[in-house]
Amino acid sequence: MPQILKLLSQLLESRRPIVTADDLATLPEDNRDVLLNQQILVPSRPATHVTCDACHDDHVEEVTPIKVGKRVAFRIPCPEAGWVGVPEERLRQWTVDVRRLVALLSAAVGSSQPPDELIRGFAWRVATIEIAGESYDVVFVRINGTTQPPFQDELGRKHPPARTIVISTRDLPDDTTGFAASLPLPSAFTFTGDHLLFQLARVRSVVSAQSNVAGNVFQLRGDFWQLSFDGTTKFLKDSVGMGYIARLLAEPDREIPAVALLAARAGIDPLVATGSSGEILDDEARENYGRRYHELKEDLEDAKEDLDLGRVEKLETEMEQLTDELAKATGLRGNPRQKFDADRVRKSVSMAVSRDIDKITDKHEALGHHLTATISSGLTFRYASDRKMDWLT
Ligand SMILES: [Zn+2]
């Protein structure tokens, strides 16, 4: 339901966001349920005007209450139909509970701290996250005509911009230079079922792409990996093992199970890294696979709508890979009673990693040797360097 967040962004652009019963009726039922059940929309003052639905002129009239016995009824005048009754239901209105939304965003990022209101009514720190060993504040900014002075100045004074990720109700391509990254709300979060999810992988990649940190880089840019090490930069075509290596570099000294690497490639990242042997996919991991699948499916629908063929192809490939991996990891394919084969995952991840280290060595010798010396493989994988290394991944 990506459109929910677009809708909320639009609503928040007005000073007093009002949703009428008629507006609400135009939303798909599941969207409506989410907004009401999560109490993002809360009841507001009833409408004083409604659009006539008795003729075809769509004229808007002021509602007149009339007493009918002990009850109050509502009606509007229509030039064609005379007095038209308006059910009280149609007068109901809702507004966006911004603080509730902010609290949900904060919970979705996994923050243990309550949100911190930085600019009254307009900017909140929803969480602090770590990317490549650096911590960043995730700040939700509500942009509208009355956001004065420009929030960038005020926010910049309170917060080091280079450590701030701005999530805003509007796309701000040029207004946020100096900040670590800037994403519109519908890119940084998504709704799956009634869960609000933080798009960590996407935010990470935007932070990396938008910040100009010099040093070691192991990062996918479009179809190529940028490999910067020891003052030399090379580019290498994407392949499976590259993603595994990037994941290892992102968390030096950590033992990462082969199965977690496999899951990370599908974009599920830190949630799956449970247990040390990674022998089975737990329920949470399986659920994450499912969520990721639905996300991809929604993105795919969007891409198809936008006629973005390149993206369609990419998403379809990713969906296929995800399905394959899930099937392999849970033993769904072939004999369903056959146990998940940890050894098979270990072998496939090992092979992919060593194959790609070879490829890297051909192109970028210093980096290849460094990775050969520092990456250990087995049921778990680990990147451990004697020198302290910071990687932008
Ligand atoms: Zn009318």
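The values are calculated or read from the model by the stated rules, or taken from the named source; none is laboratory data. Computed from a prediction, not measured in an experiment: that's the story for all the values here. Every residue, glycine as well, gets a Cβ built from its backbone with ideal geometry; the counts of neighbours run over all protein chains shown.
State yes or no: is VAL86 within 16 Å of the chain's Cα centre (by Cα), surrounded by 15 or more Cβ atoms within 10 Å (Cβ to Cβ) and either aliphatic (A, V, I, L, M) or under 30 Å from ASP57 (Cα atoms) (or both)?
For VAL86, the condition - within 16 Å of the chain's Cα centre (by Cα), surrounded by 15 or more Cβ atoms within 10 Å (Cβ to Cβ) and either aliphatic (A, V, I, L, M) or under 30 Å from ASP57 (Cα atoms) (or both) - is not met.
Does the stretch 336-366 hold any residues that are modelled with pLDDT under 70 and β-branched (Val, Ile, Thr), and which are they?
none
I'm checking my understanding of the structure. Among residues of the stretch 64-82 that are part of a strand (DSSP E or B) and within 16 Å of the ligand (Cβ to nearest atom), which one is surrounded by the fewest Cβ atoms within 10 Å (Cβ to Cβ)?
Ranking the qualifying residues of the stretch 64-82, first place goes to GLY82.
Residue by residue through the stretch 24-63, note down the ones that are assigned to a strand (DSSP E or B) and either touching a residue at least 12 places away in the same chain (Cβ under 8 Å) or closer than 20 Å to LEU8 by Cβ (or both).
Matches in the stretch 24-63: LEU41, VAL42, PRO43, SER44, HIS49, VAL50, THR51, GLU61, GLU62.
Conditions: (1) acidic (Asp, Glu); (2) surrounded by 19 or more Cβ atoms within 10 Å (Cβ to Cβ); (3) within 16 Å of the ligand (Cβ to nearest atom). ASP137 meets all but one. Number of the miss?
(3)
Every residue, every condition in (1) part of a strand (DSSP E or B); (2) free of Cβ contacts under 8 Å to residues at least 40 places away in the same chain, yes or no:
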residue	(1), (2)
THR95	yes, no
LEU101	no, no
ALA107	no, no
SER112	no, yes
LEU118	yes, no
GLY121	no, yes
ILE129	yes, no
ASP137	yes, yes
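Restricting to the stretch 176-192, name every residue that is surrounded by fewer than 19 Cβ atoms within 10 Å (Cβ to Cβ), at pLDDT below 80 and out of contact with any helix residue (DSSP H, G or I) (no Cβ under 6 Å at 6 or more places or on another chain).
THR177
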